[in-house]
1. Residue farthest toward the positive end of the dipole of segment 130-248, with Cβ of Lys/Arg at +1 and Asp/Glu at -1: which of LEU229, LEU151, THR239?
2. Which percent of the accessible area of segment 64-200 is formed by carbon and sulfur heavy atoms (probe 1.4 angstrom)?
3. Between ILE136 and THR232, 0.36 nm times their residue separation minus their Cα-Cα distance comes to what?
4. Sort 143-150, 94-101, 43-50 by the packing proxy (mean of other Cβ within 10 Å over each peptide's residues), most packed first.
5. Hey, got the dipole for segment 132-248? About the Cα centre, +1 on K and R Cβ, -1 on D and E Cβ, debye to the nearest 20?
6. Test of understanding: extend the Cα→C-beta vector of ILE127 to 7 Å, then name every residue of segment 199-225 with backbone N under 16 Å from that spot.
7. Residues of segment 74-104 with amide nitrogen under 15 Å from the 7 Å Cα-to-Cβ point of THR24?
8. All other residues with a Cβ under 15 Å from the Cβ of GLY176 taken together, and with Lys, Arg as +1 and Asp, Glu as -1, what is their net charge?
Amino acid sequence: MFAEFGSIILLSLFFSREATSTTTKLVLLGGFVLLAAGFAFVVLRLERSMRIAAVLLRLQDTTAQIRVRGAFMLLVAFVALASLLGLETILGAFVAGVILRFVDGDRMMTHPQFRQKLEAVGFGVFIPVFFVTSGIRFDLAALISSPATILRAPVFLVALLLVRGVPALLYRPLVGSRRSVVAGLLQATSLSFIVAASQIGLELGLITKATGAALIAAGLLSVLIFPLLALTILRRAETVSTAVPKQV
């Protein structure tokens, strides 16, 4: 989570559309964070109100779906705020999720299905739409335009493994060599952030269509290859562990 959050922060900091200097970007980012913290504080105070809590409890499982609508209102508000400040909209969406997680602990278990509803909407509607539109925008012609361009995809794939996977070796003293390798492969799997970052780079003219297509191709390969390798390693480990007692 911290790695993804840091990546989004850096993406917004260095590739803001409106800001012209690093100082301006830092000021905009700081103002955005302060506004988010203030909003979270206000929402947290309101949620502790017995009257508002009673209204939320009464309407949460009716056709009003007040909590789900509130979550989407929060999402739209912070996406709009990020766009207004010249920051990337993915930062606004991410911060909205963080705030929702912070203010909605549900320690009393009054709405256990709320997050399941959000996951149903997210994984059932928005994520498929995101990947469909990403597939439509994928420039295959740019990727296969030259052998050098095609070779960028495996190079980026190896870079993903080195940058995101190798740090998992730090888990080795805790979980062992095999499981740290599995963790590294799963950590190196990435597509949604790559697609978003590539699109931003293309819009700002920082990368070419060929490079963007190669990055997305590397992300696709990571999703297809790395989890399969991780599951294969885990299954072999389970096979070995179950075979050892029989030999004894």
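The values are calculated or read from the model by the stated rules, or taken from the named source; none is laboratory data. Everything quoted here is computed from the prediction, not taken from an experiment. Every residue, glycine as well, gets a Cβ built from its backbone with ideal geometry; the counts of neighbours run over all protein chains shown. What goes into the accessible areas is simple: the full protein's heavy atoms, side chains included, and nothing from ligands, DNA or RNA. Shrake-Rupley method; radii C 1.70, N 1.55, O 1.52, S 1.80 Å.
1. THR239
2. Answer for segment 64-200 is 72 percent, counting heavy atoms of protein chains only.
3. Contour length minus Cα-Cα distance gives 31.4 nm.
4. 94-101, 143-150, 43-50
5. 440 debye
6. Within reach of a label on ILE127: 220, 223-224.
7. 84-88
8. Around GLY176, the charge tally is +3.
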